[in-house]
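Right, one structure below, let's go through it.
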Amino acid sequence: MNGMNQVILEGNIVRVPVAKDTPRGTRLCTLPIAVNRIYKDKEGKDVDEVSYYDIEAWGEKLANVIEKCGFKGRGVRVVGRLKQNRWKTTDGKSMAKIVVIAEHVDFKPSFRKKNENEEDSSPAEQVPVDEGSECSEDYENLAEAAAGIRAEQEAGETVF
């Protein structure tokens, strides 16, 4: 029986996502995100705690959407699972790293000013960056792709 392993992270992309094909021909996109948490210390001062997570998105559709629509600084919500990679170094030391395997990714809206010459722009004068672009169409396909991957995993089929 599988134990529960699910995580939801909401933060900002730290670097440009990198997509590649594995030696077996599976598409993989990696993106690091930063998640901020603000809390008050004993003196009542705000403390900003930042945690960094490496995200792996497997599969043609999900990897391509992230590569195309993700950019440094863009807000993102990732639903996935934790995976621990273990290996030994050349000197025999045991190493481990935990990554998040993305099952679903949502991008937060990204806005640009209507008039690029104006420094201040009210929300009413801003338009979504993805409006009318290929990325807006791809959002609809993400849920379908995630559902397909989840069904394959539940059926015991190997996705990777």
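Expressed in units of 2.2 N^0.38 Å, where N is the residue count, the Cα radius of gyration of segment 1-109 is 1.24.
Scanning residues 5 or more positions from SER110 or on other chains, those with amide H under 5 Å from its amide H are VAL129, ASP130, with H placed 1.01 Å from N in the peptide plane. Taking label positions 7 Å along the Cα-Cβ direction at both VAL35 and GLN84, the computed distance is 1.8 nm, reported to one decimal.
What are the lysines whose alpha-carbon lies under 25 Å from the alpha-carbon of LYS72, with same-chain residues fewer than 8 places away excluded? Result set, ordered by chain and number: LYS20, LYS61, LYS83, LYS97, LYS108, LYS113, LYS114. Distances between placed amide hydrogens fall under 5 Å for VAL14 paired with ILE33, ALA34, GLY73, all partners being 5 or more residues away or on another chain. Modelled spin-label separation between VAL99 and ARG77, with each label point placed 7 Å from Cα along the Cα-to-Cβ direction: 2.5 nm.
For segment 52-106, the fraction of 1.4 Å probe accessible surface lying on carbon and sulfur atoms is 52 percent.
The values are calculated or read from the model by the stated rules, or taken from the named source; none is laboratory data. Worth saying up front: this structure is predicted, and the values here are computed from it rather than measured. Glycine gets a Cβ as well: all are built from the backbone with ideal geometry, and neighbour counts include every protein chain shown. Ligands, DNA and RNA are stripped out before the accessible areas are found, and what is left, the full protein with its side chains, is counted by its heavy atoms. Shrake-Rupley method; radii C 1.70, N 1.55, O 1.52, S 1.80 Å.
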